[in-house]
1. Across the chain, how many lysine pairs, 8 or more apart or on two chains, come within less than 17 Å at their alpha-carbon atoms?
2. Using the Cβ atoms and a cut-off under 12 Å, what net charge is assigned to the surroundings of Val26, where Lys and Arg are +1 and Asp and Glu are -1?
3. Could you give the longest part of the chain that holds none of the GluC sites (Glu not before Pro) found in DSSP loops with at most 13 neighbouring Cβ atoms within 10 Å?
4. Using only DSSP helix segments of four residues or longer, with each worth -39500 (n - 2.57), what per-residue ellipticity at 222 nm results for the chain after dividing by its residue count and rounding to 500?
5. What is the list of residues in segment 7-29 whose amide nitrogen lies under 11 Å from a point 7 angstrom out from the Cα of Val150, following Cα to Cβ?
6. Using 1/(1 + (r/R0)^6) with R0 = 22 angstrom and r between the beta carbons of Arg188 and Arg143, what's the FRET efficiency to the nearest 0.05?
7. Of the labelled options (i) 18.5, 57; (ii) 20.0, 67; (iii) 17.4, 53, which one gives Rg and Dmax of the Cα atoms in Å as computed for this structure?
8. About its Cα centre, what dipole magnitude does the chain give when the only charges are +1 on Lys and Arg Cβ and -1 on Asp and Glu Cβ, stated in debye to the nearest 20?
Amino acid sequence: MTSKTDFKKTLDAYQARQGRFRVVDVPDMRYLMIDGHGDPDTSPAFTEAVEALYPVAYKLKFASKRDLGRDYVVPPLEGLWWAEDMAAFTVARDKSRWDWTLMLMVPDWIDQAMVTTAVEQTRARRQPARLDEVRLETLSEGRCVQTLHVGSFDDEADVLAHLHHQVIPDHGFRMAGTHHEIYLSDLRKVAPEKQRTILRQPVTTELT
């Protein structure tokens, strides 16, 4: 029987604790990605992105098990978030101004040819609206500070403000790269107050 890898348990980059801000060196990781803009609560583009990513991810998982003998749990949904004024996250929480990239991590043994095949197999059955926008890309974050947030996404503001304005400067870092969230809970099944989300911020010690 083929063993199944669960990256949430085996990768240090997926480890975080509530109330603890941890410095972690994140290796280069490869993702299925789709970009978008606007309020994730109301934007059809956000829902359509999710509907395009997951079928491709599961086609890859099944192909990996069948063809390569390597089974794994599809990793959690992740998102990169930014805005022209980052206060839109920590103060105003003006979601209409948010840009985002939704992502699902794929193992390093998955290549572009397998992704192309998975996209075509998905197209033959489901034809998600944004399927043609799915791409495979490597994300290089390097040194980051991250913590676990338990609760609603709308309750993240104070944690992010503390991270950005106290924790990062106190470590002698400055922010670099894009705010990153990893959704450990199934949002369809877990109440907002119990949702578990890793909040990650890439950092650097280099001066501009």
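The values are calculated or read from the model by the stated rules, or taken from the named source; none is laboratory data. Given the structure is predicted, the values throughout are model-derived calculations rather than measurements. Glycine also receives a Cβ, built like all others from the backbone with ideal geometry; neighbour counts cover every protein chain displayed. With ligands, DNA and RNA removed, areas are computed over all heavy atoms of the protein, side chains included. Shrake-Rupley method; radii C 1.70, N 1.55, O 1.52, S 1.80 Å.
1. Details: Lys4/Lys59; Lys4/Lys61; Lys4/Lys65; Lys8/Lys61.
The number of close lysine pairs in the chain is 4.
2. -2
3. Working: sites that count: Glu84, Glu206.
Excluding the exposed sites themselves, the longest stretch runs over 85-205.
4. Numbers: 5 runs with 48 residues, N = 208.
Using -39500 (n - 2.57) per qualifying helix, the result is -6500 deg cm²/dmol.
5. It comes to 17-19, nothing else.
6. Numbers: r = 33 Å, r/R0 = 1.52.
So the FRET efficiency works out to roughly 0.10.
7. The calculated read-out lines up with (iii).
8. 940
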